[in-house]
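What follows draws every value from the coordinates through simple rules; no lab data is involved. Since this is a predicted model, take the numbers as computed values, not measurements. Backbone-built Cβ (ideal geometry, glycine too); neighbour counts: all protein chains shown.
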Amino acid sequence: MISDDKEERLIRCLGEYLYERFHFSRPSIIYLSNILSPHISNMTHHGNALRTEQILCIALHFIANASFLYNIGDAEHVSKATVCWAVRKVTLALKRPLCTFASFPGHRTTRHLKEAFHRIAGFPGVIGCIDGTYIPIIAPSINEGDYVNKRSVHSINVDDAEYMISNVEAKWPGSVHDSQIFGESTLSERVARGEFIYSTWHLLTPYPDPEPGPQQCYNVAHCKTLARVEMTIGILKARFQCLRMLRVTPERACDIIVACVVLHNIATIRGEEFPTPFPDDADINPNHPADVQDGRAVRDSACLITFFLSHLRID
């Protein structure tokens, strides 16, 4: 017989073990196994074949920790080749529900988004925040120079939007500027097609040299609002530490990044514990899309509205 207190301690220790190893709780691992099972289960019933849960946990162990494949293999008692195979299988399976777990604006209306963002710092009319980050990779053998970013590091350039990551572009070499990434993104194409018919679309950037008064107030509100997506990037990198350095080809790196985005959103939806980001996890990419002429008038208008609302007092 096991006492209730001892059983509770065992369950708590098991939960801590699973989170430390996979960064997911047992119920969430079961949930992931259920939705991915059709795409990762072994067709063979051979006695040595890995079960679905084993394949998933091997991949999660790699994604959650910045370890080499052979280290994961030693920990999970499988070969390095098996780890590589499991990671590839789970990564491709996680890309399938991308539109389900990472879609903009999802089930939320633009009105709901505007209200949610306005509550952060009083910034009017915002339906999403966009920011980018670098994911370091090993130097590729083809077009090596394209992947060198401004920090002289080989990387993939990633752009995402809003608090839960509702849009991701993970396919561009680190040398590409944010303005080009956004201009050729699926989100930009959707805007051009008029999908967001209730919104007049403008990409608002901060003033490069703000004057005292409204412009400084605007930049403060802009910074506080953008901090939401910067924190999201920090949480993403802290939760999935493989993103600190991907030792795979650029194509496979992009697949792993997208898989991590899907896992991040599932973890957020299911209320998984947020890891504490390290100082360098919120790797902010200051290459904001270029300030285009037709958006400046809108920025000036938002600047005045933000300044007025921040100084409004009701007696």
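At 0.36 nm per residue, minus the direct Cα-Cα distance, what do Arg193 and Asp209 gain on full extension? Give it in nm, one decimal, please.
On the way: separation 16, 0.36 × 16 = 5.76 nm, distance 3.37 nm.
Working it through step by step, the gained length comes to 2.4 nm.
Among 252-263, 17-28, 221-232, 99-110, how do they line up from the highest to the lowest mean number of other beta-carbon atoms within 10 Å? Please list the in-between numbers first.
Details: 252-263: 23.2, 17-28: 17.0, 221-232: 18.9, 99-110: 14.5.
My ranking of the peptides, most packed first, is 252-263, 221-232, 17-28, 99-110.
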Say each of Met245 and Arg108 gets a label point 7 Å from the Cα, pointing the same way as Cα to Cβ; how far apart are those two points in nm? 3.6
Here the gain from full extension of Arg96 to Ser79, 0.36 nm per residue of separation minus their alpha-carbon distance, amounts to 3.5 nm
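Quick one: what do you get for segment 210-261 if you divide its Cα Rg by 2.2 N^0.38 Å?
Working: Rg = 16.7 Å, N = 52, 2.2 N^0.38 = 9.9 Å.
In units of the 2.2 N^0.38 Å rule of thumb, it is 1.70.
May I ask which of Lys95/Lys224; Lys89/Lys237; Lys114/Lys224 have a Cα-Cα span longer than 26 Å here? Walk me through the numbers on the way to the answer.
Details: Lys95/Lys224 31 Å; Lys89/Lys237 21 Å; Lys114/Lys224 15 Å.
Among Lys95/Lys224; Lys89/Lys237; Lys114/Lys224, the Cα-Cα distance tops 26 Å for Lys95/Lys224.
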Roughly how many nanometres apart are two label points built 7 Å out from the Cα toward the Cβ at Ser179 and Ala116? 3.0
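Could you sort 208-218, 56-66, 81-91 so that the peptide with the highest average Cβ count within 10 Å comes first and the rest follow in order? Spell out each step's value before the answer.
On the way: 208-218: 14.1, 56-66: 23.3, 81-91: 20.0.
Highest-to-lowest ranking by the protection proxy: 56-66, 81-91, 208-218.
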